[in-house]
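Below are the structure tokens for one structure; questions will follow.
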Amino acid sequence: MRMVKRVCIFCGSSSGILPDYKEAAVAIAQRLVEKGIGLVYGGGSVGLMGAVADAVLSAGGDIIGVIPKALFEKELGHSGLHRLHVVESMHERKALMADIADAFIALPGGFGTFEEFFEILTWSQLGIHRKPVGLLNTRGYYDALIKMCDHAMNEGFLRPEDRLRIISNNDPDTLVNLVLTTEVPETTKWLRPAQT
């Protein structure tokens, strides 16, 4: 089983309208620190990103931020981080985060979070990495997304074994434990016999 030393968290630069989202973000950050797991995240100081970073820092945890130069220059970078990589582009940001993390968890967020989640999940499907990918479904936030993935599977656009690559739970502690103990299978996407 792969040793998880750092978890990359994708999440919103907004906090959402309910306090539950921030509470869950803080809880998952605290669980990671308790287990000696470092955080990799987008380097921001606002929204759920800022809440996660602040929680890790206040608990004495290890944290690495990665932020594009354009966002850093708008003063959105977290000033309290020990390590903050300022990169040239969003593409470079995502590649570096994926490289230094051993697992991924998406918290509630918007377009950016969705895109990061699906890209890293696609990389798993294609065999680019074999790292666990989790989804924190706070207050059922991702119910519709999960239902859409099930629909894609039922309609033949997603294989059942790839649908299982999404590790989801609404409880931060349970999700962290699942992500830390899940063995991601090798991909077989391109090994299927040709249809005649």
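Here, each number is a calculation from the coordinates, and none is a lab measurement. It should be emphasised that the depicted structure is a prediction, and the values quoted were computed from it without experimental measurement. Heads up, the Cβs are rebuilt from the backbone with ideal geometry, glycines too, and the neighbour counts pull from every protein chain shown.
Residues in segment 20-36: is at least one part of a loop (DSSP other than H, G, I, E, B), of a type outside the set (Phe, Trp, Tyr) and in contact with a strand residue (DSSP E or B) (Cβ under 7 Å, 6 or more places away or on another chain)?
Scanning segment 20-36, I find no residue that is part of a loop (DSSP other than H, G, I, E, B), of a type outside the set (Phe, Trp, Tyr) and in contact with a strand residue (DSSP E or B) (Cβ under 7 Å, 6 or more places away or on another chain), so the answer is no.
Return the residue satisfying two criteria in turn: it lies in segment 26-61 and is charged (D, E, K, R) and over 18 Å from CYS11 (Cα atoms), and of such residues it is surrounded by the fewest Cβ atoms within 10 Å (Cβ to Cβ). Let's see the steps before the verdict.
From segment 26-61, those charged (D, E, K, R) are 31, 34-35, 54; that's our starting set.
Next, only the ones that are over 18 Å from CYS11 (Cα atoms) stay: 34-35.
Working: GLU34: 12, LYS35: 14.
Top of the filtered list is GLU34.
Still on this structure: Which pairs turn up if I take residues in segment 68-79 that are closer than 16 Å to MET49 by Cα and look for partners that are exposed (fewer than 11 other Cβ atoms within 10 Å of the Cβ) with beta carbon separation below 8 Å, at least 6 apart in sequence or on another chain?
Listed pairs, sorted by first residue: PRO68/GLU88.
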